[in-house]
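Novice: Pasting in a structure now, in structure tokens, and then I'll have a few things to ask.
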Amino acid sequence: MKLTIEIKAKDGKFQELYQTLYALLPSIRKQKGCLDCRIYKDSEDDNIFFLSFDWEDQPVLDYFLRSNSGSAFLGAVEVLSETSRVKIGNDESSHGIDVLKRMRKET
């Protein structure tokens, strides 16, 4: 399952957000079912970057969102980003970060 997130950092918070998420990569990659996890910087806008995740399936993504790493990830995005767009799986429509928060709360 592919998860792609475009994040625009708040003014003056790009480096802090980027470093926080970059520091989380090793623990995210160790999560059961994580096939790949990468950060890409936008070449045209210094405040935007993309996170690309590949998960085995929906249940392991759900498990990650409920984990400590998932909580830290969502918290960093919420506090330090201005906007975010989330694409899940083959769905071409984008959603706000709230879609991941809702998935985290669902059982």
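Novice: Only one residue in 94, 69 is in contact with a helix residue (DSSP H, G or I) (Cβ under 7 Å, 6 or more places away or on another chain), modelled with pLDDT under 90 and either more than 20 Å from residue 13 (Cα to Cα) or not charged (D, E, K, R) (or both), so which one is that?
Specialist: After ruling out the rest, the residue left standing is 69.
Novice: Quick one: residue 87 ticks every box in (1) buried (at least 16 other Cβ atoms within 10 Å of the Cβ); (2) more than 22 Å from residue 1 (Cβ to Cβ) except a single one, so which number is it?
Specialist: Just one mismatch for residue 87, condition (2).
Novice: When you scan the range 1-79 for strands (runs of 3 or more DSSP E) that lie fully inside it, which ones turn up with 1 or more residues that are crowded, with 16+ Cβ neighbours inside 10 Å and among the aromatic types (Phe, Trp, Tyr)?
Specialist: 48-55
Novice: Residues being in a loop (DSSP other than H, G, I, E, B), without any contact (Cβ under 8 Å) to a residue 12 or more places away in the chain and acidic (Asp, Glu): count how many of those fall in the range 80-107.
Specialist: 2
Novice: So, one more: Let me confirm something: among 62, 45, 36, 57, which residue is more than 19 Å from residue 88 (Cα to Cα) and charged (D, E, K, R)?
Specialist: 45
The values are calculated or read from the model by the stated rules, or taken from the named source; none is laboratory data. Keep in mind that this is a model prediction, so the values were computed, not measured. Neighbour counts are summed over all protein chains in view; Cβ atoms, including those assigned to glycine, are modelled from backbone coordinates with ideal geometry.
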